[in-house]
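Single-structure report; data block below.
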Amino acid sequence: MDIFYISLLTLFAAAVGTVTGFGTSTIMIPVLVMFMPPVEAIFLVSIIHFFSNLWRILLFKSGLNLKLFALFGISGLIASYLGAFSSLKVDGTFLLRILGGFLAVYAISLVVKTKMKIKAGTKTALVGGTLSGFFAGLFGIGGAIRSAFLLVFDLPKAVYVSTAAAIGLLVDSTRIITYVWIGGIAMSERIWWGLLIFIPVSLVAAKVAGKIIHKIPQDKFRIVIAVFLFLVGIKLAVFPV
């Protein structure tokens, strides 16, 4: 895939990812796997996602919730390693369909306010961190699960984005190391040089998205995330790869 088109994809995915707290991997990986080996695509996006999360933390640094970061981060770190290791052996199409169905149904429940509720608490954070970390390592897609569980805590916009980014940064670090040291995954020289463009583009996208977030009313922010969760869920359920 041409560097120019990957840059445009990065711009769009990083902007959506900043607004929703997820999205970079969810959007980029399904496109990139049509043009490059899946493992290479996941590795490339994990690097871009790492820097996207770094920019979000810097832009919303005053909002970080340290307790949730610790609970989600520790469980996510361990699970990310297990997922990244398993990605070399597992065909997870069926798991992605189940994940997609859960996200779609849960997103609907957030909007219509049904009795399907996940209670906020330590156990919820640990489960959310474990599931999001594992799926991030396994498929490169874990932000949607993390967002679904973070929404339970009704965090202010800045706290939500910053905390989600900090957790994602920790998980990305773990899986990148696992991909390289254990899986021996590498990318073409052309793609490595392309990172000199992709990384600054992700910063521009984060800044633009940051301005958009400030214009979304707090009471509508939850609905915005729910809509994106629903779209991601349907996509994964119908077209998992």
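None of the figures in this text is laboratory data; all of them are computed from the coordinates on show. Being a predicted model, the structure only gives us computed values, none of them experimental. Cβ atoms come from the backbone with ideal geometry, glycine included; neighbour counts cover every protein chain shown.
Membrane-span-like helices in the chain, defined purely by DSSP H runs whose alpha carbon atoms cover 20 Å or more axially and whose average Kyte-Doolittle hydropathy reaches -1.0, are 3-20, 38-59, 66-86, 93-112, 122-139, 157-181, 189-215, 218-238. Using a cut-off of 27 Å between Cα atoms, the listed pairs Lys119/Lys207; Lys61/Lys220; Lys123/Lys207; Lys61/Lys235 include Lys119/Lys207; Lys123/Lys207; Lys61/Lys235 as exceeding that distance.
A simple spin-label model places the labels of Lys211 and Ile234 3.0 nm from each other, with each point 7 Å out along Cα-to-Cβ. Each principal axis of the Cα cloud of the chain was taken in turn, and the coordinate range along them, longest first, works out to 49, 37, 32 Å.
Each Lys and Arg Cβ is given +1 and each Asp and Glu Cβ -1; about its Cα centre, segment 3-238 then shows a dipole of about 820 debye.
When the helices of the chain are scored as -39500 (n - 2.57) per DSSP H run of n ≥ 4 and the total is divided over every residue, the value at 222 nm lands at -27000 deg cm²/dmol. Placing unit charges on the Cβ atoms of the charged side chains and taking the dipole of the chain about its Cα centre, the candidate lying farthest along the positive direction among Phe60, Leu203, Gly83 is Phe60. Once backbone amide H atoms are built at 1.01 Å from N, Asn65 has Thr163 as its partners under 5 Å, excluding neighbours fewer than 5 places away on the same chain.
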